[in-house]
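Worksheet: one structure, shown below.
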Amino acid sequence: MTTERLGANELRRVVGAFRDALRSHQALVNRLNVYPVPDGDTGTNMALTIESVVGELEGAGPDLAATCRAVSHGSLMGARGNSGVLLSGILRGIAVTVAEAGGLDGPTLARALRAACDGAYAAVPRPVEGTILTVIREAAEAAEAAVDPTGGAAPSLVAVAEAAHAQGHDALARTPEMLPVLAQAGVVDAGGTGLLLLLDAVLHVADGRPLPEVTGDDGPEPDLDARRDHADAGDHDDHDVGDLRYEVMYFLEAPDETISAFKKVWGGIGDSIVVVGGDGIWNCHIHTNDIGASIEAAVDIGRPREIRVTDLLEQVEEERWVREGAAAAAGVSPPPVEPVPTAVVAVGTGDGVGRIFTAMGVQRLVTGGQSMNPSTQQLVEAVEAAAADEVVLLPNNKNIIPVAEQVDELTTKTVRVVATRGIAEGFAALICYDPEATADSNAAAMGEAAAAVVAGEVTQAVRKSTCDAGPIAEGDWLGIARDGIRAVGPDLAGVTCDLLAALLTDDHEIITLIEGEGASAASTRRITEWLGETHPDIEAEVHHGGQPLYPYYLGIE
């Protein structure tokens, strides 16, 4: 049965259907994302944003005004990443229009899509066509064309939604013509793909149509080289997006009239700028190399809060090996273990890394890394599967630590987190693991051991850049410490030795060298010989980790 006007209950059903559609298409939309760094992944960020709306609706009043306020506020406060912030602006424009009209019918949908379009374009300083912006603009134009400008009979909601849906899909199909990087990768725009599921949700509720199914889990696999050139829907200016290392996001409490000048300041220090909100609260997103300046711009006009900074270079370097590690682990049942008073659950990937963790007493290994952080639910499931009433959790990545710290409240087991930021710290912590001791006792001893480790890693540059250690050429090896790049050069063993020289002191006694993809027996021998000549009192332990993209992980104790 066709519904001509949607009220509060029907709008809640639209939100729920949109959430379900995004969740089912999440992996597909993620694969369409050809941005040069994962940026959390488009499908994931859009799905998490709408999940926040669903959560807000659960605590909202049943009337239309409360429903629209929940959609607006929930999307603003729960927006994730560039795509999530843009989706928030679109949903807020729709919610305000529907609230003013007292419901959603055909003409209101046309006005709502126009408001959503205007809000999305206003959110970025210099919009780029061939993105989600093109899709929402052409859908809005088609919806407006479906409404008789002479004041004739108002078209039905279904008719307007169909017109917007058809033109939106046409625009999506043409996005590769507007952005060469999409054509090169053989995909359409990821954000636009996710957005059209909203119109599918409207037609599902208004006309009983089924939500679209995912047509193939294999899907298109983008050309990874294309990622280096795509600038998504953000601000280009003089910045090469591949050189912008950090994603900065925060909520900004500031007067609305100050935001235009704020965007201009941000335009000089970064890219992929999206700012949405109003009435004194704004959700702000930027890619930049100057974290301090991006935050100072907010302090000048108001108060930033819930500041989140993500290292995008680490994301792009680890995305592939985390994904491959997850695929390799799929369907493999862990061997049975004997119950102990306290077990260890660790996050990591790489065949050798997994074997070492297991040999050192880890009961459950959760596949994860920088760009594909395991969910809280995955960690909870691993904890529940451990054969112990108490568990020590090793996140082995700084971005996973906050998620790990939520697990204790979600299980009846006692869970303690040792805040390890890398694999080397995880190995050091496990040396002090005692399965017969309590989780609290283990966490204290293991945490102390992890904190004593000086960690480093070596990887290869994918593009030309600069750093404090000097100019970087594409293909150079980078020696990275916790405080940044400390060594650069064309020779793998030489850069690893330079990194060690920068990190070692007379107080150090042991170096753990974990070999990954790209390491060779010759390069490892050169490194150990250098250690023997320059630091004869330091013992070197070499392990095969098998991690892709990082020939060496270093742990110095």
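The values are calculated or read from the model by the stated rules, or taken from the named source; none is laboratory data. Computed from a predicted model, the values in this text were never measured in an experiment. Cβ coordinates were reconstructed from backbone atoms using ideal geometry, including for glycine residues, and neighbour counts include every protein chain displayed.
Structural remarks
- Residue ranges of strands (runs of 3 or more DSSP E) in the stretch 253-314 with at least 3 members hydrophobic (A, V, I, L, M, F, W, C): 270-278, 281-288
- Selection over the stretch 525-553 of residues that are farther than 17 Å from GLY354 by Cα and either modelled with pLDDT of 85 or more or of a type in the set (A, V, I, L, M, F, W, C) (or both) gives a count of 14.
- Check on VAL458, more than 28 Å from GLU405 (Cβ to Cβ), in a helix (DSSP H, G or I), of a type outside the set (Ser, Thr, Tyr) and in contact with a Phe, Trp or Tyr (Cβ under 6 Å, 6 or more places away or on another chain): no
- Complete set of residues in the stretch 360-381 that are farther than 22 Å from ALA444 by Cβ and either touching a residue at least 24 places away in the same chain (Cβ under 8 Å) or among the basic types (Lys, Arg) (or both): LEU365, THR367, GLY368, GLY369, GLN370, SER371, MET372, ASN373, PRO374, SER375, THR376, VAL380
- Residue that is nearest to the chain's Cα centre (by Cα) [pool: residues in the stretch 58-83 that are without any contact (Cβ under 8 Å) to a residue 40 or more places away in the chain and buried (at least 23 other Cβ atoms within 10 Å of the Cβ)]: SER75
- Qualifying positions in the stretch 272-281 - touching a strand residue (DSSP E or B) at 6+ places or on another chain (Cβ under 8 Å) and either crowded, with 24+ Cβ neighbours inside 10 Å or not hydrophobic (A, V, I, L, M, F, W, C) (or both): SER272, ILE273, VAL274, VAL276, GLY277, GLY280
- Out of ALA452, ALA404, ALA461, sole residue that is under 12 Å from VAL347 (Cα atoms) and at pLDDT below 90: ALA404
- Complete set of residues in the stretch 498-538 that are exposed (fewer than 13 other Cβ atoms within 10 Å of the Cβ), outside any helix (DSSP H, G or I) and not polar (S, T, N, Q): ASP506, ASP507, GLU509, PRO536, ASP537
- When every residue of the stretch 153-171 is checked against the conditions, none turns out to be within 21 Å of THR44 (Cβ to Cβ) and either touching a Leu at 6+ places or on another chain (Cβ under 7 Å) or surrounded by 15 or more Cβ atoms within 10 Å (Cβ to Cβ) (or both).
- Filter result (under 18 Å from ALA450 (Cβ atoms), within 30 Å of the chain's Cα centre (by Cα) and in a loop (DSSP other than H, G, I, E, B)) within the stretch 539-557: GLY545
- Taken across the stretch 119-129, residues that are small (Gly, Ala, Ser) and either farther than 28 Å from ASN33 by Cα or free of Cβ contacts under 8 Å to residues at least 24 places away in the same chain (or both) do not occur at all.
- Residue ID - surrounded by the most Cβ atoms within 10 Å (Cβ to Cβ), chosen from residues in the stretch 461-497 that are small (Gly, Ala, Ser) and outside any strand (DSSP E or B): ALA493
- Just so you know, in the stretch 257-271 the residues that are charged (D, E, K, R) and touching a residue at least 60 places away in the same chain (Cβ under 8 Å) include one that is surrounded by the fewest Cβ atoms within 10 Å (Cβ to Cβ), and it is LYS264.
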